[in-house]
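To start, the structure itself, in structure tokens.
The values are calculated or read from the model by the stated rules, or taken from the named source; none is laboratory data. Quick caveat, the model's predicted, so the values are computed rather than measured. Glycine gets a Cβ as well: all are built from the backbone with ideal geometry, and neighbour counts include every protein chain shown. Each accessible area value is taken on the protein alone, full model and side chains, heavy atoms only, with ligands, DNA and RNA left out. Shrake-Rupley method; radii C 1.70, N 1.55, O 1.52, S 1.80 Å.
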Amino acid sequence: MPTTPESGVHVRADAYSSIKRIIDAARDAFSEATTTRPVTLKSIASDARVGIATLYRHFPNRDALAAAVFDTIYTDEVGPILSAAAERSDDPKATLLNVAEQLADIMYRERQLIASIADLTALVTSLLSRSDELFGSYLREAQQIGNLRADLTTEDIPYLLAMTATAITSIELTPAQRRRYLALLLDALNPAQTSLNGPGSPRSEDAMSG
């Protein structure tokens, strides 16, 4: 049985076909949307050749549909970068920068789509968290050779990338400017610039005991 990308739930072939047509139609509609030509769920259902009741059965609201479309785009465009990262981890900062840049570029390009997502940062964090196993092995290897700060955890990476990419796309920047500012923000992951002053860090605990 096919599996829907946004939920991982197995569905019947006919239902999967309907879901795919709805997501494809929504993806086209959001990419072509303008302030004078807004996206409606009714028009998406029509373009997908399904009834509006069928659309609502699979996607109860606009946010759920927009999230499913973003999930598909993320899988298509960020997935290959993560797959490549699994094969080589000699430059972790460059890989993280590439992922953050790809996310930021998608968010900027899909501005009409992400405007319909209630909590974009939470959604992106959730999508990135699917790669926790990859990030974990990648992180440990990078820390062993001194390329990433020692206090960074596997759980930190999805949050850091999601917050960084989401924040940078809230400002009107050129692609070159986005990459530059993303690189500057990710410099915080450099062990040479580590400042262990956060709650629970060795330095903060020493300061309190002193």
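In table form, for the structure just shown:
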item: Accessible area of the stretch 75-173 belonging to carbon and sulfur atoms, whole % at 1.4 Å probe; result: 50
item: Inter-centroid distance (Cα atoms) of the stretch 168-189 relative to the stretch 47-124, Å; result: 19
item: Neighbour net charge for residue 48 - beta-carbon separation under 12 angstrom, K R +1, D E -1; result: +2
item: Net charge, residue 156 excluded, C-beta distance under 14 Å - Lys, Arg +1, Asp, Glu -1; result: -1
item: Global geometry of the stretch 24-131, whether rounded, prolate or oblate, following the gyration tensor of its Cα atoms and the 1.5 cut on a/c; result: prolate
item: Average accessible surface area per residue within the stretch 38-194, 1.4 Å rolling probe, Å²; result: 50
item: Average Cα contact separation per residue, the stretch 63-190, under 8 Å, 6 or more apart, as relative contact order %; result: 34
item: Formal net charge of residues neighbouring residue 172 (Cβ-Cβ distance under 11 Å; K, R +1; D, E -1); result: +2
item: Shape category assigned to the stretch 94-195 from the gyration tensor of Cα positions, a/c cut at 1.5; result: oblate
